[in-house]
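The values are calculated or read from the model by the stated rules, or taken from the named source; none is laboratory data. None of these values were measured; they are calculated from a predicted model. Counting neighbours? That spans all protein chains shown, and the Cβs are built from the backbone with ideal geometry, glycine included.
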Amino acid sequence: MTEDAADLSLVEILDQLDGHKLSARELVTDCLDRIEKSEPEIRAFVTRTPELAMAAADSADEARAHHRTVGVLAGVPVAVKDLFLTNGILTTAGSKVLSAFYPEEDAAVWERLAGAGAGLLGKTATHEFAYGTGSALTRNPWDIRRSPGGSSGGSAAALAMRMAPLAIGTDTGGSLRIPAAACGVSTLRSGAGRVSRFGVIPLSRSFDVSGPMARRMLDVSLVMRVLAGFDPRDPGSRDVAIPAYPLAPPSDLGGVRIGLPIEMSWKEVDEQLADVCRDALGELVLRGAELVEIGTPTLAEQILRDSVGVFDTITTVEALEVHDQLLRPHSHLYTPQVLGRVQMGAGITPERYAEAQRLRGLWEDRWRQIMADHRLNAIAHPTLDAPPPLLTTTGEPKGPHIRLSVPWSVAGFAALSVPAGLDERGLPVGLSLAGLPEREGELLGLAIVIDEELQSWRKQPNSPRAARGNA
């Protein structure tokens, strides 16, 4: 084929693989070429496993050639955040503490992907132990002076630079959605317990979610069909009905109502980002959806204050639970930033933690009531309140703010980020849609409408060096 396979979306790739118009070996070769050219400046990967990706590709090609049944993702190379255990492959969680950690088992997410025929392309960079919104040395492909966001920044950067058609990350307070918006790709933070967290190095048992990232929202929906499901090895996994994840946009949005929390999530937002998101929402309006402004200043201020405070309290306590045994012999190996955050948990009393959990439940109830009162199908706002920050040559990694993403983590809602277009700086803009977790399939359908109309997955960053010219 004449087009580089690395430029194709996952849906397009699978169609060509099944139609014998493309071989998985060609796909992996193109991805490896992109890595070779771009990785020196983007630094998305911490460990590369080209031999594993190629072995999966050759196995898939051989099976297709002999008309044998193959998995949904047979031969597809996947970039996996360096927080997921991979048997016999270095897994560091972005920390010197685990610089020589080779797990003896696979995370459940990787089990499912491998079972569907995918091949491991490598492990991607993350903020240390996923406790922040930077991603160490990784650069944003749209402007290498800027952060790719985090903590799943390596996965998002690899996707944006066409190093892989599919990537995996985690989200505690926005770690899927923030880098997706910063790098112009798609993702879904599914409802709690939807995707197994078994074999994922944890940050907060109350808020951690695993999930897919891809350049196209249809790709995300397709992969959710592979990942979603009950796993008894994960105490937080829920044995409930799996939503119908759509593989096409809904044709009619008549009666669909989208809430806009103006005071909470549209004010104090960069005007260019807000304008691009409003234009993207227009695609839903054209198909019959209605935009509804919701909330009052008093309610919004209280909601925002309570949600961030609740999140910080619960996360710091639970992060200390995770790291308490590691801190004693290895505290000198932590970065000062993450060490300080983890140690904050020691100052929170059991009573304060219990109150935060109580408020968390009230927070979910409040938003469910708002959804019911206004008959809403989704809540919409910019994913980020400002462009991704410029990187610094010294100090700790700096990333975008979490204030617009964390409320939905606390509420336990499904939340996604879909590319809404480019701003006047030439930087990608993400639109957040959040809604009830039991209706996350419908939420994906709304995002697919926007994505299929705008076709943002076809837009590519310039070469890393050319990106320096962005203002």
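Would you check which residues across segment 327-369 are part of a helix (DSSP H, G or I) and more than 20 Å from Phe207 (Cβ to Cβ) and list them? Give the steps one after another, and end with the answer.
At the first step, the residues of segment 327-369 found to be part of a helix (DSSP H, G or I) are 327-333, 336-347, 350-369.
Across segment 327-369, the qualifying residues are Leu327, Arg328, Pro329, His330, Ser331, His332, Leu333, Pro336, Leu339, Glu351, Gln369.
As for segment 439-457, it holds at least one residue that is over 21 Å from Thr170 (Cα atoms), surrounded by fewer than 16 Cβ atoms within 10 Å (Cβ to Cβ) and not charged (D, E, K, R). For segment 128-136, the criterion of being touching a Phe, Trp or Tyr at 6+ places or on another chain (Cβ under 9 Å) and outside the structural domain of Asp423 (by TED's automatic domain parsing) is satisfied by at least one residue. Assess whether Arg366 counts as being of a type in the set (Lys, Arg), within 24 Å of the chain's Cα centre (by Cα) and farther than 21 Å from Ser210 by Cα. No: the conditions fail for Arg366. Being surrounded by 20 or more Cβ atoms within 10 Å (Cβ to Cβ) and in contact with a strand residue (DSSP E or B) (Cβ under 8 Å, 6 or more places away or on another chain) is the filter here, so list the residues in segment 238-258 that pass it. Pro243, Tyr245, Val256, Ile258 - these are the residues of segment 238-258 that are surrounded by 20 or more Cβ atoms within 10 Å (Cβ to Cβ) and in contact with a strand residue (DSSP E or B) (Cβ under 8 Å, 6 or more places away or on another chain). Residues in segment 384-421 that are part of a loop (DSSP other than H, G, I, E, B) and β-branched (Val, Ile, Thr) were compared, and the one that is nearest to Ser210 (Cα to Cα) is Ile402. Considered as a group, the residues in segment 88-102 that are under 23 Å from the mean Cα position of the chain (by Cα) and part of a loop (DSSP other than H, G, I, E, B) include one that is farthest from Arg48 (Cα to Cα), and that residue is Ser95.
Just one of the numbered conditions (1) more than 26 Å from Gly399 (Cβ to Cβ); (2) buried (at least 23 other Cβ atoms within 10 Å of the Cβ) is not true of Arg64: (2). Among the candidates Pro388, Pro397, the residue that is crowded, with 22+ Cβ neighbours inside 10 Å and modelled with pLDDT of 95 or more is uniquely Pro388.
Every residue, every condition in (1) assigned by TED's automatic domain parsing to the domain that holds Leu320; (2) of a type in the set (Phe, Trp, Tyr); (3) more than 18 Å from Val76 (Cα to Cα), yes or no:
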site: Ser95; (1), (2), (3): no, no, yes
site: Tyr102; (1), (2), (3): no, yes, yes
site: Ala116; (1), (2), (3): no, no, no
site: Trp142; (1), (2), (3): no, yes, yes
site: Gly149; (1), (2), (3): no, no, yes
site: Met161; (1), (2), (3): no, no, no
site: Pro165; (1), (2), (3): no, no, no
site: Gly174; (1), (2), (3): no, no, yes
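Could we say that Ala118 is over 27 Å from Asp231 (Cα atoms) and modelled with pLDDT of 95 or more here? So that I can check it myself, show each step before the final result.
On the way: over 27 Å from Asp231 (Cα atoms): no; modelled with pLDDT of 95 or more: yes.
No; evaluated as a whole, the condition is false for this residue.
Filtered by the rule that a residue be more than 26 Å from the chain's Cα centre (by Cα) and within 18 Å of Val410 (Cα to Cα), segment 349-358 gives Arg352, Tyr353, Ala354, Glu355, Arg358. Do we have Phe45 as free of Cβ contacts under 8 Å to residues at least 24 places away in the same chain, of a type in the set (Phe, Trp, Tyr) and under 30 Å from Asp208 (Cα atoms) here? No: the conditions fail for Phe45. Ala79: assigned to a strand (DSSP E or B), small (Gly, Ala, Ser), under 30 Å from Gln460 (Cβ atoms) and at pLDDT 95 or above, yes or no? Yes. Residue pairs whose Cβ atoms lie under 6 Å apart, sitting 6 or more positions apart in sequence or on different chains, and linking a residue in segment 77-88 that is in the same structural domain as Leu113 (by TED's automatic domain parsing) to a partner that is assigned to a strand (DSSP E or B) and surrounded by fewer than 24 Cβ atoms within 10 Å (Cβ to Cβ), are Asp82/Val46. For segment 329-371, taking the residues that are within 13 Å of Val310 (Cα to Cα) and among the basic types (Lys, Arg), the one that is surrounded by the most Cβ atoms within 10 Å (Cβ to Cβ) is identified as Arg360. Scan segment 259-279 for residues that are part of a helix (DSSP H, G or I), surrounded by fewer than 16 Cβ atoms within 10 Å (Cβ to Cβ) and at pLDDT below 95 and the total you get is 1.
Residue under question is Ala44, and the condition is that it be at pLDDT 95 or above and either more than 28 Å from Asn462 (Cα to Cα) or not assigned by TED's automatic domain parsing to the domain that holds Ile89 (or both); does it hold? Talk me through it step by step, then tell me what you get.
Values: at pLDDT 95 or above: yes; either more than 28 Å from Asn462 (Cα to Cα) or not assigned by TED's automatic domain parsing to the domain that holds Ile89 (or both): no.
When the stated conditions are applied, Ala44 does not pass them.
The condition (being in the same structural domain as Val78 (by TED's automatic domain parsing) and under 30 Å from Pro397 (Cβ atoms)) is satisfied by just one residue among Glu26, Glu12, Glu39: Glu39. Pairing each residue of segment 94-118 that is of a type in the set (Phe, Trp, Tyr) with any residue that is in a loop (DSSP other than H, G, I, E, B) and surrounded by 18 or more Cβ atoms within 10 Å (Cβ to Cβ), provided the two are 6+ apart or on different chains, yields C-beta distances under 6 Å for Phe101/Thr91.
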